[in-house]
Amino acid sequence: MLFDSTLRKELARGFGATLVVILTIVITMMLIRTLGLAANGAVAPADVVLLMGYTALSHLPTILALSLFIAIVVTLGRMYRDSEMAIWFSSGVGLVRFVVPVLRMAWPVLLVVAVLVLLVWPWGNRSSAELRDRYEQRSDLSRVTPGVFQTSRDGSRVFFVDKASDEAMNARGVFVLSNAASGESLTSARGGQISVIGDDRFLVLERGQRAQVDRASGEHTLASFQRYQILADESNVRRAAARAPRTMPTLDLLLEPNAKNQAELAWRFGLLIGAINLLLLGVGLAAINPRRATNWNLLFALLGFVVYYNLINLSQAWVAGSRLALGPALAMIHGGALVFGLTLIWWRDHGTVWRPFGRATSP
């Protein structure tokens, strides 16, 4: 049918253009943020591109849903502005008829969103967490670039390495400045390496000296040593078994129905159902007054998108706090959005359309 094919082509073109613009903006922001993490020592500089790819995959479902929603609102709004909708309405084609071609165009995108949310989202988060964990499992000394002062993660120590040996955990010409409440110490050694004892990591220095100042008494001490151990990190390394719910596969979340896992399921299922509900909301929110060259419909649509996705995050918090179960939370948020979208479409077809800053007219 001419009506279906024409509308689907326009929606597809609008979706492609919107996706390119939003994806470019989001990737630019992710690149700046990831480079900032690398500059602060949170991730390895060599993993910046890989980490940005994992992050982009994690945000892609939301980007696709937003692009599809904006494409529907902009395309139908353009048809209202050019009086094409008036022609279709006068031909007996109601707004409800627009839902079918919209769904036909959007179902491949919704299928991709389902795959990304249910399968790719946990894999991307797990891979990103593994990159961070692998880098944090390295000692403070191993993260130091030769010839550059490096502050430890807790800010209490400053390391300087003159040269790095071929082995990843060894270094030559090590200087360590420690600042504590009791005093300040400066330790220098010809060589150093990391030794793991139990769950703790120790910096083992060889052939050096240590100068210490007591803050209370002001006493200065100087000692030489052949071998000296400094506790580098007393926190346990996070293991793969202690995974966060966002890194767990969807099937594992279903098999372990605790509050946190149910909250993660509420977010994943909510993102998928929300993408479907946004199609109906986009059809209903696209109406504008063709006599006024304004984009209030797009503004209200974006505001509705923000509110809806904040409600999805709020439902996740409710389920995590055991205030609501998974089923009631999904029914309340997304069932309400579905009813609102259907009511809005019916109102556009049969009721009185409210025009911002204008008179109420019949659709």
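Can we say A38 is at pLDDT below 80 and of a type in the set (A, V, I, L, M)?
Taking the combined requirement at face value, the residue satisfies it.
Can you name the condition, by its number, that F269 falls short on among (1) modelled with pLDDT under 90; (2) crowded, with 16+ Cβ neighbours inside 10 Å?
Every condition holds for F269 apart from (1).
Is it the case that I63 is under 10 Å from A286 (Cβ atoms) and touching a residue at least 40 places away in the same chain (Cβ under 8 Å)?
For I63, the condition - under 10 Å from A286 (Cβ atoms) and touching a residue at least 40 places away in the same chain (Cβ under 8 Å) - is not met.
Based on this model, can you work out whether S58 counts as modelled with pLDDT of 90 or more, assigned to a helix (DSSP H, G or I) and of a type in the set (S, T, Y)?
no
Taking the options I25, I32, I70, name whichever one is closer than 24 Å to R246 by Cα and assigned to a helix (DSSP H, G or I).
Checking each option against the conditions leaves just I32.
Can you name the number of the only condition in (1) more than 22 Å from the chain's Cα centre (by Cα); (2) modelled with pLDDT of 90 or more that V307 fails?
Of the numbered conditions (1) more than 22 Å from the chain's Cα centre (by Cα); (2) modelled with pLDDT of 90 or more, the odd one out for V307 is (1).
Does any residue in region 22-34 that is within 15 Å of L50 (Cβ to Cβ) come within less than 9 Å, Cβ to Cβ, of a residue that is of a type in the set (S, T, N, Q) and in a helix (DSSP H, G or I) six or more places away or on a different chain, and which pairs are these?
M30/T55; R33/T55; T34/T55
Could you identify the single residue in D82, D4 that is at pLDDT below 80, at negative phi and exposed (fewer than 13 other Cβ atoms within 10 Å of the Cβ)?
D82
Of the residues L51, L64, L68, which single one is within 17 Å of the chain's Cα centre (by Cα), surrounded by 21 or more Cβ atoms within 10 Å (Cβ to Cβ) and modelled with pLDDT of 90 or more?
Being within 17 Å of the chain's Cα centre (by Cα), surrounded by 21 or more Cβ atoms within 10 Å (Cβ to Cβ) and modelled with pLDDT of 90 or more holds for just one of L51, L64, L68, which is L64.
When the residues of region 203-229 are filtered to those that are modelled with pLDDT of 80 or more and exposed (fewer than 13 other Cβ atoms within 10 Å of the Cβ), which remaining residue is farthest from F159 (Cα to Cα)?
Going through the qualifying residues, I end up with E219.
How many of the residues in region 316-336 are assigned to a helix (DSSP H, G or I) and out of contact with any Leu (no Cβ under 7 Å at 6 or more places or on another chain)?
12
The values are calculated or read from the model by the stated rules, or taken from the named source; none is laboratory data. Bear in mind the structure is a predicted one, so any value in this text is a computation, not a measurement. Neighbour counts are summed over all protein chains in view; Cβ atoms, including those assigned to glycine, are modelled from backbone coordinates with ideal geometry.
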